[in-house]
Amino acid sequence: MTDEKPTMMTYIKATPEQLATNTRDAHDITRSLVDAYVSGGYERVVIVACGSSANGSQCALPLMIKYLRQDVQVVPPETFNCCKHALGKTDFVFAVSQSGCSTNTIAALDRLREMGRLSIGLTGNAGADFKEHADLLVDWCVGTENVGYVTKGVTTLAQFLMLFALGASQAKGLTSDRDYAAVMAEMAQVSERHEVVQRETNEFYERNRAALTSLGAVYSCGFAQGYGVACESALKIGETIKVPSFAYEAEEYIHGPHLQLTPKYTAFFYDDLGVCGERLHTIYRATRTVTDYAYAVTNSPEVDDTHAVRLPFEIGEPLLAPLYVLPFCQTIAFRASTELNSWDSHPLLSQFGDIAATKTKSISQVMPY
């Protein structure tokens, strides 16, 4: 870190070091959550989260399902609070907020207590208001991130949830020590892969700079863990570049949303590098018949080098991919927003947060945006 004011790029570049640290400390940082899950005899996992916390959870969801061998759901806090809290005895529920000051997530913690359930809060700021509302407070070890458009937080959250699932799976005897070690060996490579994707994305940005600084409506699409990345892609592009930006599961995208495509639209496709890859490539090709502004993070030769960011390493467990693919959308969002100077919102939004607050008043003390 320097004395200069930190930016999104500061924390994108800092992410690999945090990923490496959290991999080394995996058992220590996940122990309390793993112990609670295993000792309580829990099965299905329900993650209460919104925004980037929901997107980070969505990125981890396919790996969690594979290794826990249980259903995993991501539920928005207000939905959970109002109408979706019929929980079974073996449902393991925790609420997520990086700042620890999200009002709707705090309400979910209180709702859990009202239901007589263990109130578990997962946060990046253990000193925030969350601690007053959680019976079990878990810090996912994001480190410092003092900008509003979080990058390091969403990636380290996805990693933490993956580490939790792997640890719980091993503890329950669902994953052998040998298989666990193999996945963790690849997990140890994600920090280096993150740096590779950063470099590849910067080169991609230079090749497509005119298009990426002229975005109109944007679709981000994928399957499985690629859908999780697409969710964060849509959010980051929309909130920074400030253009209409939508995320779709790729098959859902071609069941209606595609009908408004024109040659001015942009589409980003995130390859799951697995069983859904062929279908995604087909949908990409179809999109290119309408717009040349269709791009993909993929190793498929069906996407030419101008329109692709490659992953030039051997991939054993593709469900880890969000941990090193996320910098693609994060870097584009930062670079285009900086060049366009699109950080400021419309002046009429000045009263919006006063009317519909999303954070407690202590937010400036724990995460000074």
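The values are calculated or read from the model by the stated rules, or taken from the named source; none is laboratory data. Fair warning: this is a prediction, and the values are worked out from it, not measured in the lab. So basically every Cβ, Gly included, is an ideal-geometry build from the backbone, and we count neighbours across all protein chains shown. Surface areas here come from the heavy atoms of the whole protein model, side chains and all, with no ligands, DNA or RNA. Shrake-Rupley method; radii C 1.70, N 1.55, O 1.52, S 1.80 Å.
Which one of these does Gln73 not meet: (1) polar (S, T, N, Q); (2) within 19 Å of the chain's Cα centre (by Cα); (3) part of a helix (DSSP H, G or I); (4) over 25 Å from Ala333 (Cβ atoms)?
The failed condition is (3).
Only one of (1) touching a residue at least 60 places away in the same chain (Cβ under 8 Å); (2) under 19 Å from Arg285 (Cα atoms); (3) outside any helix (DSSP H, G or I) fails for Gly226. Which number is that?
(3)
Test of understanding: among Val154, Val147, which residue is among the hydrophobic types (A, V, I, L, M, F, W, C) and modelled with pLDDT of 95 or more?
So the residue among Val154, Val147 that is among the hydrophobic types (A, V, I, L, M, F, W, C) and modelled with pLDDT of 95 or more is Val154.
Take the range 19-49 and flag every residue that is surrounded by 19 or more Cβ atoms within 10 Å (Cβ to Cβ) and either among the acidic types (Asp, Glu) or in a loop (DSSP other than H, G, I, E, B) (or both).
The answer is Tyr42, Ala49.
Applying the selection to the range 230-288, what residues are among the aliphatic types (A, V, I, L, M) and within 26 Å of Lys152 (Cβ to Cβ)?
Ala230, Ala234, Leu235, Ile237, Ile241, Val243, Ala247, Leu273
Of everything in the range 241-287 that's over 19 Å from Ala321 (Cβ atoms) and among the hydroxyl-bearing types (Ser, Thr, Tyr), which residue is surrounded by the fewest Cβ atoms within 10 Å (Cβ to Cβ)?
Thr262
Here is a list: Ser99, Ser57, Ser53. Which entry is in a loop (DSSP other than H, G, I, E, B), of a type outside the set (Lys, Arg), in contact with a strand residue (DSSP E or B) (Cβ under 7 Å, 6 or more places away or on another chain) and closer than 30 Å to Ser337 by Cβ?
After applying the criteria, what remains is Ser99.
Looking at the range 301-317 only, could you name the residues that are assigned to a loop (DSSP other than H, G, I, E, B) and either in contact with a strand residue (DSSP E or B) (Cβ under 8 Å, 6 or more places away or on another chain) or of a type in the set (Lys, Arg) (or both)?
Val303, Arg310, Leu311
Starting from residues that are open to solvent by 60 Å² or more (accessible area, probe 1.4 Å) and of a type in the set (Asp, Glu), keep the ones in the range 98-134 and report whichever is nearest to the chain's Cα centre (by Cα).
Residue satisfying both the conditions and the ranking: Glu132.
Look through the range 196-207, keep the residues that are farther than 20 Å from Val150 by Cβ and touching a strand residue (DSSP E or B) at 6+ places or on another chain (Cβ under 7 Å), and return whichever of them is surrounded by the fewest Cβ atoms within 10 Å (Cβ to Cβ).
Going through the qualifying residues, I end up with Glu200.
Could you check the range 253-299 and list, in sequence order, the residues that are among the small types (Gly, Ala, Ser) and farther than 23 Å from Arg209 by Cα?
Keep residues of the range 253-299 that are among the small types (Gly, Ala, Ser), which gives 256, 267, 274, 277, 286, 294, 296.
If the condition is that a residue be among the small types (Gly, Ala, Ser) and farther than 23 Å from Arg209 by Cα, then Gly256, Gly274, Gly277, Ala286 are the ones that fit.
Which of the numbered conditions does Leu212 fail, given that it passes all the others? Conditions: (1) open to solvent by less than 20 Å² (accessible area, probe 1.4 Å); (2) more than 15 Å from Gln330 (Cα to Cα).
For Leu212, the exception is condition (2).
Step by step: first the residues of the range 317-342, then only those that are more than 21 Å from the chain's Cα centre (by Cα) and open to solvent by 30 Å² or more (accessible area, probe 1.4 Å), then the one that is nearest to Thr21 (Cα to Cα). Which residue is that?
Out of the qualifying residues, it is Thr338.
Can Glu278 be described as of a type in the set (Asp, Glu) and within 23 Å of the chain's Cα centre (by Cα)?
Numbers: of a type in the set (Asp, Glu): yes; within 23 Å of the chain's Cα centre (by Cα): no.
Taking the combined requirement at face value, the residue does not satisfy it.
Is one or more of the residues making up the range 135-142 part of a loop (DSSP other than H, G, I, E, B), aliphatic (A, V, I, L, M), at pLDDT 95 or above and open to solvent by 10 Å² or more (accessible area, probe 1.4 Å)? Write out each step before concluding.
Narrowing the range 135-142 to residues part of a loop (DSSP other than H, G, I, E, B): 135, 140-142.
With the extra rule that they be aliphatic (A, V, I, L, M), the set shrinks to 142.
Adding the requirement that they be at pLDDT 95 or above leaves 142.
Retained after the next criterion (residues that are open to solvent by 10 Å² or more (accessible area, probe 1.4 Å)): none.
No, because not a single residue in the range 135-142 is part of a loop (DSSP other than H, G, I, E, B), aliphatic (A, V, I, L, M), at pLDDT 95 or above and open to solvent by 10 Å² or more (accessible area, probe 1.4 Å).
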